[in-house]
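Structure record follows, encoded as structure tokens.
The values are calculated or read from the model by the stated rules, or taken from the named source; none is laboratory data. Just so it is clear, the model here is predicted, and its values are computed rather than measured. Positions of Cβ are backbone-derived with ideal geometry, glycine not excepted, and every protein chain shown enters the neighbour counts. All accessible areas refer to the heavy atoms of the entire protein, side chains included, with ligands and DNA or RNA removed. Shrake-Rupley method; radii C 1.70, N 1.55, O 1.52, S 1.80 Å.
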Amino acid sequence: MNSYITAIVIVAVIIALYLKYRSDLASSLKKYEKKLRVDFGKKTDRHIFTREEYEVISHYFKNRSKNTENISGVKTAGIIDDMTWNDLDMDKVYASMNYCSCQMGDEYLYDLLHRPLGDAEALKERGRVIKWFDENEDERTACQMAFSQMGRTGKYSFTDHLLKLDEIKEESNILHYFCILLGVIAIAMIFINPPLGFALILAVTAFNVATYFKRKGETDRYVVCFSYIVWTLRSVENLIKNDYEAVSSYISAIRDSYNKLKSLERGMFLLRSGRGLTGSIAELPLDYLRIFFHLDQIRFNQMLSKVKLNRNEIFKLEENLGFLDAMISIAHYRRTLKHYCEPEFLIGEPQRFIGKSLIHPLIERPVSSDINTDKGILVTGSNASGKSTFLRTTALAVLLSETIYTAAAEKCSFSPCRIYSSMSVEDDLIKGESFYMAEIRGMKRILDAVRSENEFPLMCFTDELLKGTNTVERVAAGAQILKSLANSRCLLFAATHDIELTYMLEKYMDNCHFSEIASDGEISFDYILRKGRAESRDAIKLLEMMGYEADITEAAFDTAETFVKTGEWPEI
């Protein structure tokens, strides 16, 4: 009699835990949906990505970096290389705009930002989808709820493991079925002979756990991958029930992939638990059942060959889901900007850049700049006056225009182009490479790109070119490099302290500058871009304010004036 009461109690506890789990999940989903609606378009406390998380997210891009097409088959205008990405602080820019709800969105957005498009129609299509998500709250939220249930893969890269499935050995499920049989016999024995049954449970548990973890070490990372596929398919079920006309082509492609892959869902109960939004304690027994009965290992072996055969379809599903999640993220991001515009592409016209009220998207209180040039710009000014920020602002306007069809400006027009920069160069102690060697290597890759056969011209950004060498050689070599770029299929934006270059290159580039204001013993900046070369002597004035002797400061003023008038440095 006692054994029956014990069994009833166990069943009742399991049912109660399951009901609590369902209640917690429903409540959590309802709260999450409300949060999505309230937070959309607001700057929220975003997750700060660790270096390890960036590495995982980047693998989708790295695994397909040689592929120059996006999901619609449109070729890119060129891939953003590591130097340009780092020069523009793109990790921070990426983090600031990433409001994606799942791993596929994270990875797709990272990849998208590395692949500027030169096809205006393809970019307009992105803009159309972004605008539709912005204007349709119910549909957008329904998609976000579906994406959020897909979750993330944590420390493992989904794409890495899909590509490396051939490395793992396939094995039979005979041992795992034997463990299930032992477990069933032990549980049944509790009702027949409780003392013997409980003793048998302990022995079977020890055996099953030992054999489980022997295989688990080999399969764990792939179980995460397969589990993610299954949770994605289950989440897709809700998404493909809707037939949103504005994004019907993407939903249709997702539905086709789902229909080809849905058999992977069968028998997936307890492949990997603990992926709900609740974090409920009710999930703990599910983990123990999964280990005791080897459920995830059995299904893993069944899935392995099926997933191998359907890798391309899984990648196609990932791309379409990632695209939609990324477009929702950009719709959110647009609302957080002080202002933005959709760019205008000057197709079939000579290279030109027109920007009105350009701002840097990462600066809280940015000062805007206006640009209109077909020659490129050589910008001068003292340290901290805004030169480097101006270069990054302009480069970001171009890059974001050609990727997310969004420029942080009131107007942005230019010819489709490839983007290269050489700004934040550092020496490499490990390679034994000097600062100067790193500089010239960085510039050489730009010169090679200019001369390569490609339908798209370059837009290039350099900051303090060749500052790793002496003044004479820096000015001489720098002038020739910049002239070579300015005379080629390249719209060049460069910053320099060398006033000599503003005279030597004025036929090839427009001169602009930033000014500092010296007063009350301090120097301040207004960060306003002005036409012409920098001519202030406030850097020398600051020496005077700091108490330098008059014979030094006055002589410095005279020396500078002599050079400006004659173009030659006087003897001192």
Sole miss for residue 391 among (1) under 26 Å from residue 501 (Cβ atoms); (2) in a loop (DSSP other than H, G, I, E, B) is condition (2)
How many residues of region 230-252 are open to solvent by 10 Å² or more (accessible area, probe 1.4 Å) and under 21 Å from residue 322 (Cβ atoms)? The answer is 14
For region 133-152, which positions are open to solvent by 50 Å² or more (accessible area, probe 1.4 Å) and either part of a helix (DSSP H, G or I) or among the aromatic types (Phe, Trp, Tyr) (or both)? 135, 137, 138, 139, 149
Among the listed residues 362, 346, 358, which satisfies the condition of being closer than 18 Å to residue 88 by Cβ, open to solvent by 10 Å² or more (accessible area, probe 1.4 Å) and in contact (Cβ under 8 Å) with a residue 12 or more places away in the chain? 362
Taking the conditions exactly as written (more than 17 Å from residue 250 (Cα to Cα), touching a helix residue (DSSP H, G or I) at 6+ places or on another chain (Cβ under 7 Å) and in contact (Cβ under 8 Å) with a residue 60 or more places away in the chain), does residue 101 satisfy them or not? yes
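Rundown of residues vs (1) open to solvent by 40 Å² or more (accessible area, probe 1.4 Å); (2) of a type in the set (Lys, Arg); (3) modelled with pLDDT of 95 or more; (4) farther than 16 Å from residue 115 by Cβ, yes/no style:
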| position | (1), (2), (3), (4) |
| --- | --- |
| 382 | no, no, no, yes |
| 399 | no, no, yes, no |
| 404 | no, no, yes, no |
| 430 | yes, no, no, yes |
| 439 | no, no, no, yes |
| 442 | no, no, no, yes |
| 448 | yes, no, no, yes |
Qualifying helices (runs of 4 or more DSSP H) (wholly inside region 71-132; at least 2 residues being of a type in the set (Ser, Thr, Tyr) and over 24 Å from residue 246 (Cα atoms)): 90-97
Within region 464-477, can one find any residue that is open to solvent by less than 60 Å² (accessible area, probe 1.4 Å) and within 30 Å of the chain's Cα centre (by Cα)? yes
Would you mind stating whether residue 130 is among the β-branched types (Val, Ile, Thr), in contact with a strand residue (DSSP E or B) (Cβ under 8 Å, 6 or more places away or on another chain) and under 25 Å from residue 152 (Cβ atoms)? no
May I ask you to list the residues in region 432-463 that are in a strand (DSSP E or B) and under 27 Å from the mean Cα position of the chain (by Cα)? 458, 459, 460, 461, 462, 463
Subset of region 313-345 [assigned to a loop (DSSP other than H, G, I, E, B), of a type outside the set (Phe, Trp, Tyr) and over 22 Å from residue 250 (Cβ atoms)]: 337, 338, 339, 343
Any idea how many residues of region 23-52 are closer than 20 Å to residue 328 by Cβ and in a loop (DSSP other than H, G, I, E, B)? 9
Hey, does region 153-163 have a residue that's open to solvent by 60 Å² or more (accessible area, probe 1.4 Å) and either of a type outside the set (A, V, I, L, M) or not in a helix (DSSP H, G or I) (or both)? yes
Cβ-Cβ under 8 Å pairs, at least 6 apart or on other chains, region 213-232 side on the phi > 0 side of the Ramachandran plot, far side modelled with pLDDT under 75 and open to solvent by less than 10 Å² (accessible area, probe 1.4 Å): none
Starting from region 126-155, keep only residues that are among the hydroxyl-bearing types (Ser, Thr, Tyr), then list their pairs with residues that are open to solvent by less than 50 Å² (accessible area, probe 1.4 Å) and not in a helix (DSSP H, G or I) whose Cβ atoms are within a distance under 9 Å, requiring at least 6 positions of separation or different chains. 141/40; 148/101; 148/102
Test set (1) open to solvent by 100 Å² or more (accessible area, probe 1.4 Å); (2) in contact (Cβ under 8 Å) with a residue 40 or more places away in the chain; (3) among the aliphatic types (A, V, I, L, M); (4) part of a helix (DSSP H, G or I) - residue 7 fails condition number: (1)
Being farther than 27 Å from residue 365 by Cα and either in contact with a Lys or Arg (Cβ under 8 Å, 6 or more places away or on another chain) or modelled with pLDDT of 75 or more (or both) narrows it down to one of 534, 550, so name that one. 550
State whether the residues of region 88-101 include one that is basic (Lys, Arg) and more than 27 Å from residue 389 (Cβ to Cβ). no
Could you count how many residues in region 466-508 are of a type in the set (Lys, Arg) and part of a loop (DSSP other than H, G, I, E, B)? 3
